[in-house]
1. What's the local net charge at T121, with K and R +1, D and E -1, over the other residues with C-beta under 14 Å away?
2. Give, as a single signed number, the net charge of other residues whose beta carbon lies under 10 Å from the beta carbon of Y110, with Lys and Arg counted +1 and Asp and Glu -1.
3. Mind listing the phi-derived Karplus ³J(HN,Hα) values for the stretch 116-133, rounded to whole Hz, using 6.51, -1.76 and 1.60 with θ = phi - 60°, and x for any glycine or proline?
4. When Lys and Arg each count +1 and Asp and Glu each count -1, what net charge do the other residues less than 15 Å away from N149, Cβ to Cβ, add up to?
Amino acid sequence: RASDGLQSSAESSVTVKLYASLHNQTNSQTSNTVYSIIQSSCIGCHSGSNNSCPIGSGSSASNYGMGTKTAFLTNSRGRTSCGSSTKNRLPGNQTSSGATPSTSNSTNSYFWDRVRSGGTTPQMPSGSSLSTTQQNLIQDWIDQGVQDN
């Protein structure tokens, strides 16, 4: 990813999005990349499968359950964030035809705001931060449509 992944030229109106995961010709995948980050960085506090507000902190952080990949996706995709009235935790599900909604990008994701460096505070995971590589994979996965793959 070159800086923020967007490249543009003053000579034209073309904008190109570069996905870090496309370097090796693959999509960012929930099962072996994004959820492995969730497992190692989030479920210590966000265990179980609950989905209620407020999310809280410490032992009550489990109100946003990420204990399984299914719980994480169910509690995140298209779900209104407890901390933002304008953004969902993650953009909505793919449509039945497989197309992704036009809002499938990281700028519409409160989850992304919380895990990216310089995002909404308090930054997650609590007490640490994700590596640039982990952040790039999560951003790519969101920008590629929050697929369950």
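1. That works out to +1.
2. Values: positive: R79, K87, R89, R114; negative: D113.
That works out to +3.
3. Here the 3J(HN,Hα) series is 7, 5, x, x, 4, 9, x, 5, 10, x, 4, x, 7, 9, 6, 5, 4, 4 Hz.
4. Value of the local net charge: -1.
Bear in mind that the values in this text are calculations on the coordinates, not laboratory data. Every value quoted in this text rests on a predicted model; they were computed, and no experiment measured them. Methodologically, a virtual Cβ is constructed for each residue, glycine included, from the backbone with ideal geometry; neighbour enumeration extends over all protein chains shown.
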